[in-house]
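Each remark here refers to the structure printed beneath this line.
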Amino acid sequence: HSLSLQVIRCRAAVAWAVGKPLSLEEVEVAPPKAREVRVKIVATGICRTDDHVLEGSFLDIDFPVIPGHEGAGIVESIGEGVTSVKPGDKVILFGLPQCGECCFCKNPDSNYCLMSHLSVSQCLLPDKTSRFTCRGKQIHHFLWISTFAEYTVVPEFTLAKIDAAAPLDKVCLLACGFSTGYGAAINTAKVKPGSTCAVFGLGGVGLSVVMGCKAAGASRIIAVDVNKEKFARAKELGATECISPGDFQKPVQEVLTEMTGYGVDYSFEVIGTADTMVRGL
Ligand code: NAD
Ligand code: ZN
Ligand code: ZN
């Protein structure tokens with residue numbers, strides 16, 4: 001009864017080629033095959049990584065593609081063998097999959113599942129076909145999940161059922177940005193109470209780092225961004241000081257050293273440029 005064989009026509013944002021802006025199109029979304037789930041996307045975040053796709057920064061992305069990887073929605077139909085969700089369930093789609101069976105999923109210190117983009121291509125679903133077509137052309141998937149579409153089809157191992165009362169427009173951020181930033185502070189750096197932290201870049205991920213440092217009990221959280229409009233929100237979330245590199249003659253890392261005596265205990269680069277990664281070190 002839960003199998004739906006209909007093709008759904010809906011809207012999606014398609015990236016036709018590197019360097020081209022997203023184009024709002026009508027697409028066809030085929031029904032889910034075995035161990036796949038078709039999801040009605042209710043909310044999606046926009047992560048800077050989606051923009052890196054449009055810029056052509058990733059060599060392993062095939063165009064045309066539907067980007068987007070911070071999605072939350074409602075299961076529309078399920079393919080054969082799907083056991084963890086049923087139509088009507090609220091779900092989050094993961095930026096990083098969790099097959100639950102590989103060595104990385106079983107190791108509590110890692111989460112780069114062998115079904116993630118570091119190990120396998122996600123431009124097509126696991127059976128090497130796409131569920132999306134547009135104007136007669138096959139459109140590729142992105143990170144398995146392509147959330148810039150009103151409906152998407154994903155492998156079962158890229159989603160999780162969530163509480164029916166969860167606000168989808170907020171929990172979609174758990175799919176990538178929030179988990180990446182908060183987890184960097186709590187799980188990767190293991191920030192200690194009373195320590196000093198610097199956070200370079202106050203986008204969705206950087207603000208989540210600030211929240212993680214605060215939750216870990218850091219006594220100073222110095223937020224750095226070239227855009228001062230980010231400072232009010234950063235302070236609201238736990239930054240104790242905010243600085244803009246443009247306000248200083250000397251390099252920002254020297255400013256941080258002066259502010260702290262010997263530099264910070266933890267430094268987070270949350271912009272994504274090689275230059276700031278070196279300065280952060
Ligand atoms: P964002 O664009 O929302 O935020 C970046 C911030 O950096 C902006 O506030 C910008 O003003 C600031 N900035 C830019 N240049 C700066 C400079 N020279 N000095 C100080 N501040 C500067 O991006 P986001 O969505 O928060 O993502 C941040 C980075 O993390 C991106 O490169 C993204 O691709 C990457 N990312 C990685 C993962 C992962 O590895 N799992 C997950 C999510 C995002
Ligand atoms: Zn992301
Ligand atoms: Zn796995």
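Some notes on this structure:
- Diffusion coefficient, µm² s⁻¹, Stokes-Einstein with Kirkwood Rh over alpha-carbon pairs of the chain at 10 °C and 1.306 mPa s: 79
- Applying 1/(1 + (r/R0)^6) with r as the Cβ-Cβ distance of Ser121 and Tyr262 and R0 = 35 angstrom yields a FRET efficiency of 0.20.
- Of all DSSP-defined beta bridges confined to the chain, some 70% are antiparallel rather than parallel.
- About its Cα centre, the chain has a charge dipole of approximately 380 debye under the convention of +1 per Lys or Arg Cβ and -1 per Asp or Glu Cβ, with nothing else charged.
- Separation of region 50-102 from region 120-143 is 12 Å, based on Cα centroids.
- Judged by the gyration tensor of its Cα atoms, with axes a ≥ b ≥ c, region 168-271 is oblate; a/c meets the 1.5 cut and b/c is at least as large as a/b.
- Whether region 8-175 is rounded, prolate or oblate, judged on the alpha carbon gyration tensor where a/c under 1.5 counts as rounded: rounded
- Solvent-accessible surface ranking, highest first, for Tyr112, Tyr182, Tyr151 at 1.4 angstrom: Tyr112, Tyr182, Tyr151
- Between Asp169 and Glu26, the modelled label-to-label distance comes to 2.8 nm, taking each label 7 Å out from Cα in the direction of the beta carbon.
- Extension gain, Leu59-Val7: 0.36 nm per intervening residue step, less the Cα-Cα distance, totals 15.6 nm.
- Whole-percent carbon and sulfur share, accessible surface of region 8-175, 1.4 Å: 56
- Solvent-accessible area per residue for region 179-280 (1.4 angstrom probe, square angstrom): 52
The values are calculated or read from the model by the stated rules, or taken from the named source; none is laboratory data. Please read all numbers here as calculations on a predicted model, not as lab measurements. Every residue, glycine as well, gets a Cβ built from its backbone with ideal geometry; the counts of neighbours run over all protein chains shown. Surface areas here come from the heavy atoms of the whole protein model, side chains and all, with no ligands, DNA or RNA. Shrake-Rupley method; radii C 1.70, N 1.55, O 1.52, S 1.80 Å.
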